[in-house]
Structures are given as C-alpha cells and as structure tokens.
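Some notes on the structure that comes next.
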Amino acid sequence: MLTWTVQALSVWTYYRVGWYRAAWLGVRADWTARISPHASIRGAASLGTAAVGRNVVIGRGSYVSSGTIYAAVIGDYCSIGTNALIGPSEHEPENWTTSPYEARHHGEDPRTTERDLPAPEIGDGVWIGANAIILRGVRIGERSVIAAGAIVTKDVPAHELWGGVPARRLSSVPGAARGGAFSPT
C-alpha cells in the first residue's frame with residue numbers, strides 16, 4: 001500500500017511541476033491539466049484540461065481544449081478541440097505479441113510491441129475538431145481543418161478540410177487563396 005501511495009504521489013508531483021512551469025511561462029491551464037515538465041510549451045495560449053506528454057512541442061498562440069497529446073510538433077496558432085487524441089503509441093502487428101506486458105513476461109523488451117513512427121507534425125493555423133485522432137507519422141499542412149471525430153492516418157495537404165474514418169479530403173478550406181484570411185461573404 002505504501003509503495004502504491006509513493007508512486008502515485010511521485011506521478012502527481014511530476015505533473016504539478018509541469019503545471020507550475022506552464023504557469024510561470026504564461027500558459028493558461030486548468031488545475032486538472034497534466035503537463036510534462038519536459039514538454040516545450042513556451043508561447044502556447046492555453047492547455048485547458050489536457051494531458052501533455054514529454055515529446056510535445058506546442059507553438060505560439062496555440063490552444064488545446066482537452067484531450068491527450070502523447071507526442072507531436074504543433075505549429076503556431078492551432079486550435080485543438082475537446083478530447084482530441086494526438087500521437088498515441090501504436091502496436092506492431094508484425095510482432096508475435098502486441099502486449100508489452102506479455103513481451104516482458106517472456107523476457108523481451110516491451111518496446112518491441114510498439115511501432116517506431118515519428119510524432120505527428122501539425123502546421124500553423126490548423127484547426128482540429130473535437131474527438132479527432134491524429135496518428136503518428138502524419139503531417140498536417142498549414143491552415144487545414146480536421147473535422148470532429150476524424151481519424152487521420154495519412155498526410156493532409158495545406159488548406160484542406162478532412163473528415164471521416166479514416167479521414168479523407170472533403171474540400172478546400174475557404175480563404176486559402178487569400179493567404180488564409182477567412183471572411184464570410
């Protein structure tokens with residue numbers, strides 16, 4: 001019981017250090033946000049109630065409503081909606097097991113069960129809708145829009161609207177031809 005309590009306190013302290021560091025850098029975050037002290041968040045506007053991992057870079061003026069960002073390079077002025085999931089680890093289907101616990105039980109390195117893919121790269125001014133999932137190895141071009149609930153499994157060119165499962169191109173983003181300035185007519 002004591003070991004579990006010490007471990008829980010250790011994890012809580014780790015994320016509190018990240019939260020205080022974010023506050024010191026001027027990043028707004030809800031008290032329940034879990035922010036790795038190793039994440040590069042200087043200039044981010046708000047992290048809401050998100051969980052932000054150690055392999056994350058968030059650009060100037062970007063905000064996250066909630067969700068989990070395991071690994072990503074996020075550009076400037078991005079808007080990330082509620083419950084977005086970005087850069088989760090992925091299992092290696094070619095391995096004899098996809099369970100890191102089973103691999104460890106048989107004396108193997110648990111990391112052999114994960115695919116070795118780079119963190120997603122998200123360009124400047126991208127809007128990611130609620131409940132969207134962005135997988136590793138994906139690049140999203142600047143000023144693109146990812147629809148709510150979409151699962152992005154491949155690269156998205158700049159100035160495009162993508163949605164669906166798996167995500168596919170739906171249209172061009174209005175205003176892209178005017179340098180990104182959107183004004184309804």
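The values are calculated or read from the model by the stated rules, or taken from the named source; none is laboratory data. Keep in mind the model is a prediction, meaning the values are calculated, not measured. Note: ideal-geometry Cβ built from the backbone for every residue, glycine included; neighbour counts use all protein chains shown.
A few notes on this one:
- Index of the failed condition, residue 59 passing every other in (1) over 25 Å from residue 118 (Cβ atoms); (2) buried (at least 19 other Cβ atoms within 10 Å of the Cβ); (3) touching a residue at least 40 places away in the same chain (Cβ under 8 Å): (1)
- Evaluation of residue 9 against (1) hydrophobic (A, V, I, L, M, F, W, C); (2) at pLDDT below 85; (3) surrounded by 19 or more Cβ atoms within 10 Å (Cβ to Cβ) (one fails), failing number: (3)
- Cross-chain or 6+ apart pairs with Cβ under 7 Å, segment 28-52 first and free of Cβ contacts under 8 Å to residues at least 40 places away in the same chain, then acidic (Asp, Glu): 48/30; 49/30
- Positions within segment 31-48 being among the charged types (D, E, K, R) and out of contact with any helix residue (DSSP H, G or I) (no Cβ under 9 Å at 6 or more places or on another chain), in sequence order: 42
- Qualifying residue in segment 87-97 (condition: out of contact with any Lys or Arg (no Cβ under 8 Å at 6 or more places or on another chain), at pLDDT 95 or above and not basic (Lys, Arg)): no
Conditions (1) surrounded by fewer than 16 Cβ atoms within 10 Å (Cβ to Cβ); (2) out of contact with any helix residue (DSSP H, G or I) (no Cβ under 6 Å at 6 or more places or on another chain); (3) at pLDDT 95 or above; (4) under 19 Å from residue 79 (Cα atoms), marked per residue:
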{"position": "115", "(1), (2), (3), (4)": "yes, yes, no, no"}
{"position": "125", "(1), (2), (3), (4)": "no, yes, yes, yes"}
{"position": "142", "(1), (2), (3), (4)": "no, yes, yes, yes"}
{"position": "145", "(1), (2), (3), (4)": "no, yes, yes, yes"}
{"position": "151", "(1), (2), (3), (4)": "no, yes, yes, yes"}
{"position": "155", "(1), (2), (3), (4)": "yes, yes, yes, yes"}
{"position": "161", "(1), (2), (3), (4)": "no, yes, yes, yes"}
{"position": "167", "(1), (2), (3), (4)": "no, yes, yes, yes"}
{"position": "181", "(1), (2), (3), (4)": "yes, yes, no, yes"}
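- Single residue of segment 70-99 satisfying the filter (of a type in the set (Gly, Ala, Ser) and in a loop (DSSP other than H, G, I, E, B)) that is surrounded by the fewest Cβ atoms within 10 Å (Cβ to Cβ): 99
- Being within 21 Å of residue 132 (Cβ to Cβ) and not in a strand (DSSP E or B) is not true of residue 26.
- Test: residue in segment 47-67 that is in contact with a strand residue (DSSP E or B) (Cβ under 8 Å, 6 or more places away or on another chain), assigned to a loop (DSSP other than H, G, I, E, B) and over 19 Å from residue 152 (Cβ atoms): yes
- Hits in segment 169-179 - residues which are at pLDDT below 95, more than 15 Å from residue 122 (Cβ to Cβ) and either in a helix (DSSP H, G or I) or hydrophobic (A, V, I, L, M, F, W, C) (or both): 176, 177, 178
- Checking every residue in segment 105-113 against the condition of being over 12 Å from the mean Cα position of the chain (by Cα) and in contact (Cβ under 8 Å) with a residue 12 or more places away in the chain gives at least one match.
- Flag for residue 102 being over 14 Å from the mean Cα position of the chain (by Cα) and outside any loop (DSSP other than H, G, I, E, B): yes
- Residue check for residue 148: in contact (Cβ under 8 Å) with a residue 60 or more places away in the chain and either of a type outside the set (S, T, N, Q) or part of a loop (DSSP other than H, G, I, E, B) (or both): yes
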